[in-house]
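Take a look at the structure below.
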Amino acid sequence: EDACALMHAVETREDDMHEYALIVLCDGMGGYDAGEVASALAIQTLRKTLLQHKMFAALAGETPPTPGTFSVDECKKLIHSALKETNKTVNQAPRNGIGKRGMGCTAEVVYVDGRNVIVGHVGDSRTYHLHEGTLVQLTRDQTLVNRLVELGSLTEAAAEPHPRRNALQQAT
């Protein structure tokens, strides 16, 4: 029920080299009908939605934006907007004869360039950053049990065997 996409580009000009990557991972919700359809549709929608923006032009095989014009805030907004659009597309798909009612998936969208790592996240899949030999978790699980731990209503030890530990609060 998993699907992923990697878009990667390297541009060189004189002594400058610019490298960009967009990684998208979607995990169909286990135990639900058509999780694999939801994850494939989510990948397709995220790729299409993001690559139409000039910010990601190099990843679409087009001329990249002028160096130095990248905006972290704009990138965050684009990823957030793409995740919302994907949620809408996946939720409406069964009405159009695609997949089944109630299907869904988690989503991780990671943009990386020479200076930035920007993450969009929905659900309980995780994104980590490997830095100087140490893995740093960048996202938090959007589950009911994790939220109870954050609020102090449940200990981490009690969360591990909890029967609802995989109940998502958000999914696409």
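If you check Thr45, Thr63 for being at pLDDT 85 or above and among the β-branched types (Val, Ile, Thr), only one passes: Thr45. Flag set for Leu78, criterion: over 23 Å from Glu1 (Cα atoms), in contact with a helix residue (DSSP H, G or I) (Cβ under 9 Å, 6 or more places away or on another chain) and modelled with pLDDT of 90 or more. Taken over the range 81-106, the criterion of being of a type in the set (A, V, I, L, M, F, W, C), modelled with pLDDT under 95 and in contact with a Ser or Thr (Cβ under 8 Å, 6 or more places away or on another chain) is satisfied by Val90, Cys105.
For the range 120-137, which residues satisfy the criterion of being touching a Phe, Trp or Tyr at 6+ places or on another chain (Cβ under 8 Å) and under 17 Å from Leu46 (Cα atoms)? Answer for the range 120-137, where residues must be touching a Phe, Trp or Tyr at 6+ places or on another chain (Cβ under 8 Å) and under 17 Å from Leu46 (Cα atoms): there is none. The residue of the range 1-19 that is surrounded by the most Cβ atoms within 10 Å (Cβ to Cβ), among those that are in contact with a Gly (Cβ under 9 Å, 6 or more places away or on another chain) and within 19 Å of Asn116 (Cβ to Cβ), is Ala9. Residues that are within 16 Å of Asp113 (Cβ to Cβ), open to solvent by 80 Å² or more (accessible area, probe 1.4 Å), without any contact (Cβ under 8 Å) to a residue 12 or more places away in the chain and not polar (S, T, N, Q): does the range 20-38 have at least one? Taking every residue of the range 20-38 in turn, none turns out to be within 16 Å of Asp113 (Cβ to Cβ), open to solvent by 80 Å² or more (accessible area, probe 1.4 Å), without any contact (Cβ under 8 Å) to a residue 12 or more places away in the chain and not polar (S, T, N, Q).
Within the range 50-90, the set of residues being of a type in the set (S, T, N, Q), surrounded by fewer than 17 Cβ atoms within 10 Å (Cβ to Cβ) and more than 22 Å from Glu11 (Cα to Cα) comprises Ser81 only. The condition (being farther than 18 Å from Ser125 by Cα and among the small types (Gly, Ala, Ser)) is satisfied by just one residue among Gly35, Gly61, Gly28: Gly61.
Within the range 44-62, residues that are within 22 Å of Asn87 (Cα to Cα) and in contact (Cβ under 8 Å) with a residue 60 or more places away in the chain have Cβ atoms under 6 Å from residues that are part of a helix (DSSP H, G or I) and open to solvent by less than 20 Å² (accessible area, probe 1.4 Å) in these pairs: Leu46/Ala82; Leu46/Thr86, counting only partners at least 6 apart in sequence or on another chain. Restricting attention to the range 123-143, the residues that are touching a Leu at 6+ places or on another chain (Cβ under 9 Å) and not in a strand (DSSP E or B) total 7.
On inspection, Leu148 passes the criterion of being modelled with pLDDT under 90 and not charged (D, E, K, R).
The values are calculated or read from the model by the stated rules, or taken from the named source; none is laboratory data. Being a predicted model, the structure only gives us computed values, none of them experimental. Every residue, glycine as well, gets a Cβ built from its backbone with ideal geometry; the counts of neighbours run over all protein chains shown. Calculation scope for accessible area: heavy atoms of the full protein, side chains included, ligands and nucleic acids excluded. Shrake-Rupley method; radii C 1.70, N 1.55, O 1.52, S 1.80 Å.
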